[in-house]
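Q: Structure below; questions to follow.
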């Protein structure tokens, strides 16, 4: 099991970049939330690689905290998606770009 | 064992790319689950079996099932795919991809031109993680508990539907 640390970090960087591109190019809020999950997972992977390279368990502890944060974030995010879908009948984030323009929303 | 790492990484990257360019939400979600399972294999090879199990149980098992339930509730169907085709303009993909790729190549350059020794990954058993978790990081555990309970309250508050008031004096509250 001789894997250079570089390559583990590189995998984390590649996954993070893919998640970032997904977050930037998609306008569907479900896909944006999934891209955020990919980015969080990549950050956790970097923690695990570093922790294993040093032979310490701290990296795994940090991954558990990232997991807890991801769970809380997803529950609130999905509740927001449901609210948004009930209001606008769409998953397009551009529909929710105005704060208090009732007229405009009811027309579209 | 080394070749397993490369195979799992390759599939993780492919599945993630397929996820961000997909148009059907459920298919994209299945690709994301495959990507998470591949990353879990990587964790196992790196010598973190406890975290590999947690990744499968919590990420792929619980969080992704939440996504599946919400997509089922929204009931997007074929119209959703059609709407997605209108929303997702492939031309938009070019700009952010080029800039992210440039940053990624910088990262690759830095990582490849640094002499890091090939480290032998020793397996870190779950009991070491548990001991560290409940001694050194006990305060952070409490903070994570706060975060989770605020997440529960927030999700409950945001997820409830507007209540309909039938009393004639309180009818204005329906607005």
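Bear in mind these aren't lab numbers, they're just calculated from the coordinates by the rules spelled out. For clarity, every value in this text was computed on a predicted model and none was experimentally measured. Cβ atoms come from the backbone with ideal geometry, glycine included; neighbour counts cover every protein chain shown.
Q: Which angle between 0 and 90 degrees, to the nearest 10, do you get for helix B:2-21 versus the longest principal axis of chain B when only C-alpha atoms count?
A: The answer is roughly 30 degrees.
Q: Continuing with the same structure: Below 8 Å between Cα atoms, with a sequence gap of 6+, how large is the relative contact order for chain A in percent?
A: 24 percent
Q: How would you rank A:16, B:10, B:169, going from fewest to most other Cβ atoms within 10 Å of each one's own Cβ?
A: Sorted ascending by nearby Cβ count, the order is B:169, B:10, A:16.
Q: Now for a separate question. Rounded, prolate or oblate, given the Cα gyration tensor of the range A:5-94, with a/c below 1.5 counting as rounded?
A: Judged from the Cα gyration tensor, the range A:5-94 comes out oblate (a/c at least 1.5, b/c at or above a/b).
Q: For A:84, B:1, what ranking results if the residue with the fewest other Cβ atoms within 10 Å of its Cβ goes first?
A: Ascending Cβ contact count within 10 Å gives the list B:1, A:84.
Q: How high is the relative contact order of chain B, given as a whole-number percent (alpha carbon pairs under 8 Å, six or more residues apart)?
A: Rounded, it is 19 percent for chain B.
Q: With viscosity set to 0.890 mPa s and temperature to 25 °C, compute the Stokes-Einstein D of the range B:6-107, Rh being the Kirkwood radius across alpha carbon pairs; µm²/s, no decimals.
A: Result for D is 160 µm²/s.
Q: Can you work out D for the range B:43-85 in µm² s⁻¹ from Stokes-Einstein, where Rh is the Kirkwood radius over C-alpha pairs, the temperature is 37 °C and the viscosity is 0.692 mPa s?
A: For the chosen part, D equals 266 µm²/s.
Q: At 0.36 nm per residue, and after removing the present C-alpha to C-alpha distance, how many nm does the segment from residue B:122 to residue B:166 gain when stretched out fully?
A: Full extension of this stretch gives 9.3 nm more.
Q: Could you tell me the calculated FRET efficiency between residue A:54 and residue B:148, based on Cβ-Cβ distance and R0 = 30 angstrom, to the nearest 0.05?
A: 0.60
Q: Against the longest principal axis of chain A, how steep is helix A:58-88, in degrees 0 to 90 to the nearest 10, with axes from Cα atoms?
A: The answer is roughly 10 degrees.
Q: Rounding to the nearest 10 and keeping the result within 0 to 90°, find how far the Cα-based axis of helix A:5-25 lies from the longest principal axis of chain A.
A: Helix A:5-25 and the main axis of chain A meet at about 0 degrees.
Q: So if we plug the beta-carbon distance of residue B:105 and residue B:157 into 1/(1 + (r/R0)^6) with R0 = 41 Å, what FRET efficiency do we get, rounded to 0.05?
A: 0.40
Q: In what order do A:26, B:168 fall by count of nearby beta-carbon atoms within 10 Å, going from fewest to most?
A: B:168, A:26
Q: Would you mind checking the radius of gyration and Dmax of the protein assembly as shown based on alpha-carbon positions, in Å?
A: Over the protein assembly as shown's Cα set, Rg and Dmax evaluate to 21.3, 77 Å.
Q: Summarise the partner chain shielding of A:44-56 as one whole number: the mean count of Cβ atoms from other chains within 10 Å of each residue's Cβ.
A: 5
Q: When the Debye formula is applied to the Cα atoms of the range B:125-175, each taken as the same point scatterer, what base-10 log of I(q)/I(0) results at q = 0.16, 0.21, 0.27, 0.28 Å⁻¹?
A: Each listed q corresponds, in turn, to -0.66, -0.82, -0.93, -0.96.
Q: Also: Kindly identify chain B as rounded, prolate or oblate by the Cα gyration tensor criterion: order the square roots of the eigenvalues as a ≥ b ≥ c, call it rounded if a/c is under 1.5, otherwise compare a/b with b/c, prolate if a/b is larger, else oblate.
A: Judged from the Cα gyration tensor, chain B comes out oblate (a/c at least 1.5, b/c at or above a/b).
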